[in-house]
Amino acid sequence: MSRSCACFQLFLLCCFVCVGLSQKYENLSKNVKGFPGAESDDGVAVDPDGKDALCSRLTTVFFPVVYITVFVVGLPANALAIWVFLFRTKKKNSSSIFMANLALADLLFVIWVPLKIAYHINGNDWIYGESLCRVLVAFFYGNMYCSIAFITCISVQRCRAVLHPLAKKRGNRMAVLVSVAIWLVVWLITVPLYLYDQQVHVLNLKINTCHDVTRPSQKKTAAGYFLTMGTLGFIVPAIVCVVSYVRMLKALRDSMTDPTIAQKRRKAVALIVTVLVMFLVCFTPSNIMLLVHYALLLKGSPNTLYGSYVTTLCLASLNSCLDPFVYYFISEDFREHVKNTFLCRSQRNVERMRVSFSALKFSKKTSTYTSQSGSSGNTGSTDC
């Protein structure tokens with residue numbers, strides 16, 4: 001847990017740094033989203049503050065650094081997680097199914113990140129066309145809310161296992177149906193993102209922004225959509241997650257009276273708290289700022305806090321490269337499968353090693369394992 005705590009502390013440090021940076025950016029972005037300026041058929045002319053915001057080092061330097069980190073770490077980590085869940089996990093259960101879908105959602109999010117990197121490095125100038133901009137925005141938000149939904153499912157499943165350990169386990173069929181339903185619902189509710197302009201030409205900068213400037217004529221459409229998404233896609237799942245984890249913590253605390261299991265329970269409690277805090281830190285700021293920003297935009301406020309919104313949204317993407325490490329600490333089987341993958345051990349060889357090891361008898365006198373049949377048997381290394 002020490003490594004996970006160190007990573008989490010580093011993430012919190014990044015958050016505090018970004019809060020300071022976003023305050024400076026906030027002063028530059030008062031009118032970029034809420035009042036982008038004069039609109040014409042050719043595009044939108046932003047005011048001087050808007051120009052400074054779109055050219056600031058926060059968006060053209062810091063954002064690319066964060067997204068590069070997400071891509072470099074998230075792509076191999078989530079690909080490995082999917083490989084483990086699909087090809088190394090022999091006995092599938094509800095948790096592994098939900099975690100495999102979560103890894104897939106994160107991977108689909110990460111593979112589009114290079115376009116975000118190129119966009120910000122290029123001075124927030126989108127050169128890939130309106131259609132690809134709409135796809136990027138839809139995938140960005142769709143996979144974020146898919147991740148939230150699957151984390152919620154994992155929370156509920158684990159809560160049920162802790163509170164009712166002797167209850168009859170549900171089959172994998174239900175987990176598969178829930179997963180399919182989540183994908184369908186999320187992708188259906190992202191359809192409106194394809195129906196209005198995401199690419200806007202900024203006349204006085206001669207650049208094309210992607211989702212950074214909203215046409216005044218489409219302000220109500222954008223605000224209504226994101227206020228609904230933020231409420232249904234985050235507020236409701238967050239309440240479910242918090243309630244599930246609080247109930248788990250209470251149940252585990254009550255069971256700590258037995259000293260034989262107290263140590264294991266403490267580790268479980270520490271892990272639950274870490275996962276819950278990571279979820280809230282990653283998703284709460286961005287979604288709260290999303291609701292605040294679009295509420296102010298709809299109201300017509302001169303300052304829509306867009307700087308804080310896009311900064312927290314950028315930080316929320318870090319969740320995509322943190323999730324695989326959560327799998328690693330949650331599941332002992334996952335850790336073992338990852339180890340065997342890196343050691344090039346096939347599933348068949350792993351099973352042979354397990355059978356061979358179980359056939360050995362431990363001698364307290366010599367502190368060694370010996371074959372129960374008296375022969376050495378076939379217990380050699382099965383590494384590749």
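The values are calculated or read from the model by the stated rules, or taken from the named source; none is laboratory data. Quick caveat, the model's predicted, so the values are computed rather than measured. Cβ sites come from the backbone with ideal geometry, for glycine too, and all protein chains shown count toward neighbours. What goes into the accessible areas is simple: the full protein's heavy atoms, side chains included, and nothing from ligands, DNA or RNA. Shrake-Rupley method; radii C 1.70, N 1.55, O 1.52, S 1.80 Å.
At-a-glance table
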| read-out | value |
| --- | --- |
| Only listed residue being within 30 Å of residue 92 (Cα to Cα), open to solvent by less than 40 Å² (accessible area, probe 1.4 Å), assigned to a helix (DSSP H, G or I) and aliphatic (A, V, I, L, M), chosen from 186, 178, 156 | 186 |
| So residue 119, is it farther than 24 Å from residue 284 by Cα, out of contact with any Phe, Trp or Tyr (no Cβ under 6 Å at 6 or more places or on another chain) and hydroxyl-bearing (Ser, Thr, Tyr) | no |
| Residue within segment 182-194 that is of a type outside the set (Phe, Trp, Tyr), modelled with pLDDT under 85 and more than 20 Å from the chain's Cα centre (by Cα) present | no |
| Candidates 67, 25 - the one that is closer than 28 Å to residue 291 by Cβ and modelled with pLDDT of 80 or more | 67 |
| Hits in segment 78-134 - residues which are farther than 30 Å from residue 55 by Cα, of a type in the set (Gly, Ala, Ser) and open to solvent by less than 30 Å² (accessible area, probe 1.4 Å) | 81, 94, 95, 96, 100, 103, 105 |
| Test: residue in segment 125-142 that is more than 15 Å from residue 211 (Cβ to Cβ) and outside any loop (DSSP other than H, G, I, E, B) | no |
| Search result, residues across segment 63-77 that are closer than 29 Å to residue 53 by Cα, buried (at least 17 other Cβ atoms within 10 Å of the Cβ) and in contact (Cβ under 8 Å) with a residue 60 or more places away in the chain | 63, 66, 67, 70, 73, 74 |
